[in-house]
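What follows is a single structure, written as structure tokens, with notes after it.
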Amino acid sequence: MLLSIGMRPSPHLGLNYILAVRVNVNHCVMDKPRILSGVQPTGTPHLGNYLGAIRNWVIQQTQYDNYFFIADLHAITVPHDPTTLAENTYRLAALYLACGLDLNCTTIFVQSHVSAHAELAWLLNCITPLNWLERMIQFKEKALKQGENVSIGLLDYPVLQAADILLYQADQVPVGEDQKQHLELTRDIAARFNFQYASEEKPILKVPEPLIQTEGARIMSLTDGTRKMSKSDPSELSRINLLDSPDEIRKKIKRCKTDPVRGLAFDDPERPECQNLLTLYQLLSGQTKAAVAADCADMGWGQFKPLLADTVVAALAPIQSKCHELMRDRTHLENVLKTGREQAAAIANTTLAQVRHALGYAPPR
Ligand code: AQP
């Protein structure tokens, strides 16, 4: 584990918090920084989740001490179907493995299996000003869709997210564009807790840094290039799910929104769909942006769409077959998640005990 000894942050934002000394006390993870992230088991993950998150975790995993979880407590902050939650959870675990997460350097676990997440979220709720949450853009967007059914859980989502991160004393958090504001809030909450309940020499909660994901940071909807691809979009045509069949993938790409301009180019703000589809092609074909730009410069949509469809189908085929294989062995998945829970809980419970002590709770006897 990496411990930090830092200067006291400013009481509110504390963004100039300086980590001064790092001490390595756990030889198993050597000096690798710890990172943590998760995906909600709401439906099947799509190309946005893959290219914006999971694929980057896989590419970088040997450089970090990795904790990736299945965010099932977050999944019930919007209306959900209890009959599919468990199945979605196992499928997401299978997809994490099928995409290439390696248990030799990565811990995979289910958020609700480690009760410290819910407990720390409550403790942090009590030091988080309400107006910090009310200004969260994601809350405002999702609340708009739900009208009067908005739950306290949806408002509180970023505090639970802060608890997820802070329990593990994560050094860095991989963030796509949609999560930047939530990570800022996590940093503010950690700094505020440290200021109020810890000493300058011994902060209890590590203030995490963003690990900015540049590739695939924002994959957009296939039906509207100005909106992010999302599981909760009511239109199935808006996203390609990682387990879509080749026929479904081809159909969705055939019907996706394009524009009437001849020739394809990146970085034209007037052509968000073109930018998005070229990005998908580039990332899934493994080519450089320059090579794709040169190859596609003179193409029309009639030529490009089948090329993109073939590329997506080929990229997802090995993930899909591995995922189906893993889903047939429930015992193996259960064992992976049990080991993950044990590894995660050991760290989470240590942090939680420190927080409880700082808040003045008597330890249970
Ligand atoms: N469109 C996207 N482009 C790039 N990255 C994305 N992520 C999600 N959508 C995109 C990244 O996936 C991780 C976790 O996603 P999540 O499922 O837990 O929550 P989300 O961000 O709210 O994703 P959705 O699909 O929009 O889910 P719903 O509709 O259920 O809320 C994060 O790292 C996120 O950046």
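The values are calculated or read from the model by the stated rules, or taken from the named source; none is laboratory data. Note that the structure is a prediction, hence the values are computed from the model and not measured. Ideal geometry is used to build each Cβ from the backbone, glycine not excepted, and the neighbour counts take in all protein chains shown.
Rundown of residues vs (1) modelled with pLDDT under 95; (2) more than 21 Å from Val39 (Cα to Cα), yes/no style:
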residue	(1), (2)
Leu144	yes, yes
Leu160	no, no
Ile165	no, no
Gln172	no, no
Gln179	yes, no
Ala191	no, yes
message: Out of the helices (runs of 4 or more DSSP H) lying entirely within segment 272-365, which hold 3 or more residues that are more than 30 Å from Arg255 (Cβ to Cβ)?
response: 330-359
- prompt: Of these, Asp188, Asp233, Asp268, Asp224, which one is in a loop (DSSP other than H, G, I, E, B), under 25 Å from the mean Cα position of the chain (by Cα) and more than 11 Å from the ligand (Cβ to nearest atom)?
  reply: Asp224
- prompt: What is the residue count in segment 194-211 for residues that are among the aromatic types (Phe, Trp, Tyr) and either buried (at least 24 other Cβ atoms within 10 Å of the Cβ) or not in a helix (DSSP H, G or I) (or both)?
  reply: 0
query: Name the helices (runs of 4 or more DSSP H) wholly within segment 104-155 that hold at least 1 residues that are farther than 24 Å from Ser232 by Cβ?
result: 116-125, 130-134
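To keep it simple, each residue is scored yes or no on (1) farther than 20 Å from Asp164 by Cβ; (2) crowded, with 16+ Cβ neighbours inside 10 Å; (3) modelled with pLDDT of 95 or more.
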| residue | (1), (2), (3) |
| --- | --- |
| Gly14 | no, yes, no |
| Val25 | yes, no, no |
| Arg55 | yes, yes, yes |
| Gln63 | yes, no, yes |
| His80 | no, yes, no |
| Thr89 | no, yes, yes |
message: Given the condition outside any helix (DSSP H, G or I), within 14 Å of the ligand (Cβ to nearest atom) and surrounded by 15 or more Cβ atoms within 10 Å (Cβ to Cβ), answer yes or no: does some residue in segment 242-265 qualify?
response: yes
message: Just to be sure I understand the filter: pairs with C-beta atoms under 9 Å, separated by 6 or more residues or on different chains, first member in segment 39-63 and farther than 18 Å from Asn241 by Cα and hydrophobic (A, V, I, L, M, F, W, C), second member within 8 Å of the ligand (Cβ to nearest atom) and not in a helix (DSSP H, G or I). Which pairs pass?
response: Trp57/Ser37; Trp57/Pro174
- prompt: From the set of residues in segment 166-178 that are part of a helix (DSSP H, G or I) and touching a Gly at 6+ places or on another chain (Cβ under 9 Å), which is surrounded by the fewest Cβ atoms within 10 Å (Cβ to Cβ)?
  reply: Glu177
query: How do the pairs read when you match residues in segment 159-175 that are over 14 Å from Ala346 (Cα atoms) and within 14 Å of the ligand (Cβ to nearest atom) with residues anywhere that are acidic (Asp, Glu) and not in a helix (DSSP H, G or I), using Cβ under 8 Å and keeping only pairs 6 or more apart or on different chains?
result: Gln172/Glu209; Val173/Glu209
statement: Scanning segment 324-365 residue by residue, those in contact (Cβ under 8 Å) with a residue 24 or more places away in the chain and more than 25 Å from Tyr96 (Cβ to Cβ) turn out to be Gln354, Val355, Arg356, Ala358, Leu359
field: Filter pass, Gly38 being within 9 Å of the ligand (Cβ to nearest atom) and either touching a Phe, Trp or Tyr at 6+ places or on another chain (Cβ under 6 Å) or in a strand (DSSP E or B) (or both)
entry: yes
task: Among the residues of segment 300-347, count how many are surrounded by 14 or more Cβ atoms within 10 Å (Cβ to Cβ), among the basic types (Lys, Arg) and under 24 Å from the mean Cα position of the chain (by Cα).
output: 2
Filter result (away from the ligand (no atom under 14 Å from the Cβ) and crowded, with 22+ Cβ neighbours inside 10 Å) within segment 94-105: Ala94, Ala98
